[in-house]
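Report on the following structure.
The values are calculated or read from the model by the stated rules, or taken from the named source; none is laboratory data. The structure displayed is predicted, hence computed values, not measured ones. Note that we place each Cβ from the backbone using ideal geometry, even for glycine, and neighbour counts take in every protein chain shown. Heads up: the accessible areas ignore ligands, DNA and RNA and are worked out on the full protein's heavy atoms, side chains in. Shrake-Rupley method; radii C 1.70, N 1.55, O 1.52, S 1.80 Å.
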Amino acid sequence: MADRQDVVIIGAGAAGMMCAIEAGRRGRRVVVLDHAKAPGEKIRISGGGRCNFTNIHAGPKNFLSDNPHFCKSALARYTPRDFIDLVERHGIAWHEKTLGQLFCDDSAKDIIRMLLTEMKAAGAVLRLGTSVQSVERTPTGFRTITGEGPIESAAVVIATGGKSIPKMGATGFAYRIAEEFGLPLVETRPGLVPLTLDPGQLESLKDLAGVAVEAEAKSGKTVFREALLITHRGLSGPSILQISSFWREGGDIRLHLLPEVDLLAVLKAARKANGRQAAQTALAEHLPKRLAQFFADKAGLANRALADLSDKVLDGLCLGIRDWTIRPAGSEGYRTAEVTLGGIDTRALDSRTMQAKDVPGLYFIGECVDVTGWLGGYNFQWAWASGFSAGQAA
Ligand SMILES: Cc1cc2nc3c(=O)[nH]c(=O)nc-3n(C[C@H](O)[C@H](O)[C@H](O)COP(=O)(O)OP(=O)(O)OC[C@H]3O[C@@H](n4cnc5c(N)ncnc54)[C@H](O)[C@@H]3O)c2cc1C
């Protein structure tokens, strides 16, 4: 006898598990398929193992999409407070780290355990190690062909994520299914990803690898103020990951280091108090020492006594620090990207339910959809919210 379900969910990540919980609670017979050996692998490694599971400030402004209004409905239907309530019902301790970002006190595995417990209570069945070959239309719904045989269902929810970190099982499966069913795609690219530099730039920055500093990173009109990290491969740290989602090949990144410090005033005061002091020594009161040296060298002022430097010269030195322009060679790509920008074109989906407008019964949720959050818990909030919305309808 054919395996019959109401809802087949492909992908046991954040979005797929949330959808399974909600559909199961509505009394739907739900099976979740995943080719991986364990569910929620990205949850497990997220937030440095503590899962930045939401952001209390999450709103449509924190998401990138070709269709910026699309995410509003789902985000309003399932809010950060809803997820916090769930976490608290399971006795999981959490804290706000910074900028509204909520993390588990203990381990990201607590979130996975919570989702599995809720799925079980809702009667949803999880089948791991199950490869999915194809999804076909039938007169009554869909037939999902798996390595273990076909499954018939009224609804199919695609929750297989994006292309980031292929080593962890990311496949691009959702895009293939979308194309097969005639849904349009928005071009995909890596997001929240370190940026790389060309060999010449790397050579000039080689003494700075490992240096971190607070910075504003700007691409076009978009600015993020968070930590910047210089690495052996290029630029990283939260400010760079954030801006990477807005940066395009060939564009410049403009960095304003220590934006909260008036370095010109600092240098002038140092010149008055101790004119024999070298420029880099005065800068190193605020900037990491290696950066202070780098900018003094760059301006040709290393070891020059402050007393010998005019206001104009000092301002030139500060300008290099408040408007340090770098043209990245590229990004580290999907290998290390936290998310995939682009994906299923939201114009083909119903924003309340995530159902394909022209294919009743077929849903797309989570990262495979062209809705991508900033760094800071927004991407999980989108996974929960889109999974919840589809779970109310599928
Ligand atoms: C290192 C890292 C850290 C991150 N940290 C955070 C964070 O702290 N906060 C935050 O908000 N976001 C974070 N993110 C982003 C977040 O993990 C994703 O946005 C989120 O997991 C997307 O959820 P999803 O359910 O759509 O997809 P996924 O979590 O990617 O789940 C997709 C599932 O589908 C399965 N699958 C894929 N293809 C197939 C197939 N063909 N057949 C069967 N199964 C398949 C996969 O095995 C996987 O289990 C991080 C990402 C990375 C890579």
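Worth pointing out:
- Scope segment 125-159; condition of a type in the set (Gly, Ala, Ser) and assigned to a strand (DSSP E or B); matching residues: SER134, GLY141, GLY149, SER153, ALA154, ALA155
- When the test is whether a residue is open to solvent by less than 40 Å² (accessible area, probe 1.4 Å), of a type outside the set (Phe, Trp, Tyr) and not in a helix (DSSP H, G or I), LEU291 does not pass it.
- Members of segment 364-382 found to be more than 6 Å from the ligand (Cβ to nearest atom) and not in a helix (DSSP H, G or I), listed by number: PHE364, ILE365, VAL369, ASP370, VAL371, THR372, GLY373, TRP374, LEU375, GLY376
- Residue in segment 341-363 that is least open to solvent (accessible area, probe 1.4 Å), counting only those that are part of a helix (DSSP H, G or I) and away from the ligand (no atom under 16 Å from the Cβ): ALA348
- Yes/no for ALA215 being of a type in the set (A, V, I, L, M), touching a residue at least 24 places away in the same chain (Cβ under 8 Å) and away from the ligand (no atom under 14 Å from the Cβ): yes
- Scanning segment 321-340 for residues that are over 18 Å from ASP198 (Cβ atoms) and away from the ligand (no atom under 16 Å from the Cβ), we see that the one that is surrounded by the most Cβ atoms within 10 Å (Cβ to Cβ) is ILE321.
- Candidates GLY237, GLY220: the one that is within 16 Å of the ligand (Cβ to nearest atom) and free of Cβ contacts under 8 Å to residues at least 40 places away in the same chain is GLY237.
- Residue that is farthest from the ligand (Cβ to nearest atom) [pool: residues in segment 162-177 that are assigned to a loop (DSSP other than H, G, I, E, B) and open to solvent by 20 Å² or more (accessible area, probe 1.4 Å)]: LYS163
- Some residue of segment 134-145 being closer than 15 Å to ALA12 by Cβ and within 12 Å of the ligand (Cβ to nearest atom): yes
- Looking across segment 18-63, the residues that are assigned to a helix (DSSP H, G or I), of a type in the set (A, V, I, L, M) and closer than 13 Å to LEU116 by Cα come down to MET18, ALA20, ILE21, ILE43.
Every residue, every condition in (1) touching a Phe, Trp or Tyr at 6+ places or on another chain (Cβ under 8 Å); (2) open to solvent by 40 Å² or more (accessible area, probe 1.4 Å); (3) among the hydrophobic types (A, V, I, L, M, F, W, C); (4) more than 16 Å from GLU216 (Cβ to Cβ), yes or no:
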{"site": "PRO238", "(1), (2), (3), (4)": "yes, yes, no, no"}
{"site": "ILE243", "(1), (2), (3), (4)": "yes, no, yes, no"}
{"site": "LYS272", "(1), (2), (3), (4)": "no, yes, no, yes"}
{"site": "LYS298", "(1), (2), (3), (4)": "no, yes, no, yes"}
{"site": "LEU314", "(1), (2), (3), (4)": "no, no, yes, yes"}
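- Out of GLU148, GLU152, GLU118, one residue alone is charged (D, E, K, R), in contact with a Phe, Trp or Tyr (Cβ under 8 Å, 6 or more places away or on another chain) and in the same structural domain as TYR175 (by TED's automatic domain parsing). It is GLU152.
- Against the test of being within 14 Å of the ligand (Cβ to nearest atom) and crowded, with 17+ Cβ neighbours inside 10 Å, the options ALA23, ALA15, ALA38 yield a single qualifying residue, ALA15.
- Matching entry among PHE53, PHE70 (being over 25 Å from ALA348 (Cβ atoms) and open to solvent by less than 20 Å² (accessible area, probe 1.4 Å)): PHE53
- Residues in segment 300-337 that are of a type in the set (Val, Ile, Thr) and either within 21 Å of ASN274 (Cβ to Cβ) or not in a strand (DSSP E or B) (or both): VAL313, ILE321, THR336.
- Residue count, segment 101-157 (criterion: within 22 Å of ARG44 (Cβ to Cβ), of a type in the set (D, E, K, R) and surrounded by fewer than 18 Cβ atoms within 10 Å (Cβ to Cβ)): 6
- Tabulated pairs, segment 116-131, first under 14 Å from ARG28 (Cβ atoms), second open to solvent by 50 Å² or more (accessible area, probe 1.4 Å), C-beta under 8 angstrom, 6+ apart or interchain: MET119/LEU126; ALA122/ARG25; GLY123/ARG29
- Just one of the numbered conditions (1) in contact (Cβ under 8 Å) with a residue 12 or more places away in the chain; (2) in contact with a helix residue (DSSP H, G or I) (Cβ under 8 Å, 6 or more places away or on another chain); (3) more than 12 Å from the ligand (Cβ to nearest atom) is not true of PRO68: (1).
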